Amino acid sequence: MPLSPAFRERFQRLQRNHLLVALILAGLLVLWIASGDFLRAQDEPPEAPPAAEEPAAFRVETSVSRAEPHSPVQVVQGELLPMREVEILSQINAHLTERPVGWGDVVKAGQTLFKLDPETRAAELARAEAALKLSQAELKGGEVLHSKQLLSETELLRLKSAAASAYAERELRAQQLRYSEIRAPFAGVVDRLPAEEGNYVQVGDSLATLVDIDKLRLVAYVPQQQVYALRPGLSVEAKLLDGSALRGTLTFVASRAESSTRSFRVEAQLENPERRRIAGSSATLSVQLADQNAHRLSPALLSLGEKGELGIKSVDDEGKVIFLPVEIFSFDPEGVWVGGLPEEVEIITLGAGFVKAGDLVNPVDAGQR
């Protein structure tokens, strides 16, 4: 059946529309393929992003410290002891007949302290002296006979032996008699008197304790890190609990440390002209060391290093933080004297707690704030 003109025109219009759509789709496909080839052809990396700016150096305040002459003092705790102390013991068995001294008496060297009953010791000494004279006379006669070959060598030796025994017996009896009167071996103070008149004492019994406090000894123990600067002859001062002080000289520094504490025993001799009864008490010993250059700092500037050592933080020529260990010489409420630093050093006085060794800083003079 033949198509009507209207239908034919409508059909032709639809064909033209479909052709247009196909052409558009084909064009988009060509563009998509071309863009993919262009991206695959790029063989250069994209430009790197701009680098982040380094943070600004931390600002710290510093102050230049210069070394000054200083006389360091080393301080340790110690115990005061008498210069000499002796416990007087009985050397014989006898009754105590006289005690002419009392508790706390000051006695001179050689002064009589006790008298013991000599009993028969004087008679025994007299008998021993007579026996000695007889033996010596017999020996003298024997030597004359021996020179004339009228006495054998053996008999002469027997006479010599008898004379020697008689001499020893006489000395023993004399010593026993001397023990009946006891004298002070040195000048001092009678500190204890456990024996009373009338007591029967035996060999080894304690009769008294005598102490010499005209001078005192102070014994202390110094840590091994602080002993190197000490030597006998240095001036010392012992501060007592009541605030007073005694002066003297360091007399002894041990050559070997105590195995239990690793500290060294030191002794000082102190003058005690007033004979103050302070032996046995504690005291603070200050040893005057040799003069040397040191820096006086505030204790707040001290800090601990990585190994636990004490030191300060400084700034080098490149503006970097460095840690410098120090040695404390002495201290007081106003500051501390330290050694081990250069003659002139730039110390961080503000901001040290926020930086560490190796950090780059911007130092500002504390006097220019």
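The values are calculated or read from the model by the stated rules, or taken from the named source; none is laboratory data. Remember, predicted model here, so these are calculated numbers, not experimental data. Positions of Cβ are generated from backbone atoms using ideal geometry, with glycine treated the same way; all protein chains shown enter the neighbour counts. The accessibility values were calculated without ligands, DNA or RNA, using every heavy atom of the protein model including side chains. Shrake-Rupley method; radii C 1.70, N 1.55, O 1.52, S 1.80 Å.
Restricted to segment 232-298, the set of strands (runs of 3 or more DSSP E) holding at least 3 residues that are more than 24 Å from D332 (Cβ to Cβ) and modelled with pLDDT of 90 or more comprises 245-253, 263-271. Tell me whether segment 108-123 contains one or more residues that are aliphatic (A, V, I, L, M), open to solvent by 60 Å² or more (accessible area, probe 1.4 Å) and more than 30 Å from P223 (Cβ to Cβ). There is at least one residue in segment 108-123 that is aliphatic (A, V, I, L, M), open to solvent by 60 Å² or more (accessible area, probe 1.4 Å) and more than 30 Å from P223 (Cβ to Cβ).
Taking L193, is it more than 30 Å from E274 (Cβ to Cβ), in contact (Cβ under 8 Å) with a residue 24 or more places away in the chain and open to solvent by less than 70 Å² (accessible area, probe 1.4 Å)? No; evaluated as a whole, the condition is false for this residue. Here is a check on your reading of the model: is A208 crowded, with 20+ Cβ neighbours inside 10 Å, under 14 Å from M83 (Cβ atoms) and either modelled with pLDDT of 90 or more or touching a Leu at 6+ places or on another chain (Cβ under 6 Å) (or both)? Criteria not met by A208.
Candidates in segment 77-98 are the residues that are assigned to a loop (DSSP other than H, G, I, E, B) and open to solvent by less than 50 Å² (accessible area, probe 1.4 Å); of these, the one that is farthest from L241 (Cα to Cα) is I92.
Could you check segment 240-274 and list, in sequence order, the residues that are in contact (Cβ under 8 Å) with a residue 40 or more places away in the chain, surrounded by 14 or more Cβ atoms within 10 Å (Cβ to Cβ) and closer than 30 Å to D105 by Cβ? Of everything in segment 240-274, those that are in contact (Cβ under 8 Å) with a residue 40 or more places away in the chain, surrounded by 14 or more Cβ atoms within 10 Å (Cβ to Cβ) and closer than 30 Å to D105 by Cβ turn out to be L240, E267, A268, Q269, L270, N272.
The set of residues in segment 47-69 that are open to solvent by less than 50 Å² (accessible area, probe 1.4 Å), in a strand (DSSP E or B) and modelled with pLDDT under 85 contains only V60. Listed by first and then second residue, the pairs with beta-carbon distance under 7 Å, at least 6 apart or on different chains, first residue in segment 111-136 and among the acidic types (D, E), second part of a helix (DSSP H, G or I) and surrounded by 15 or more Cβ atoms within 10 Å (Cβ to Cβ), are E124/R173; E129/R170. Taken over segment 324-355, the criterion of being over 26 Å from D291 (Cα atoms), open to solvent by less than 70 Å² (accessible area, probe 1.4 Å) and of a type in the set (A, V, I, L, M, F, W, C) is satisfied by I348, A352, V355.
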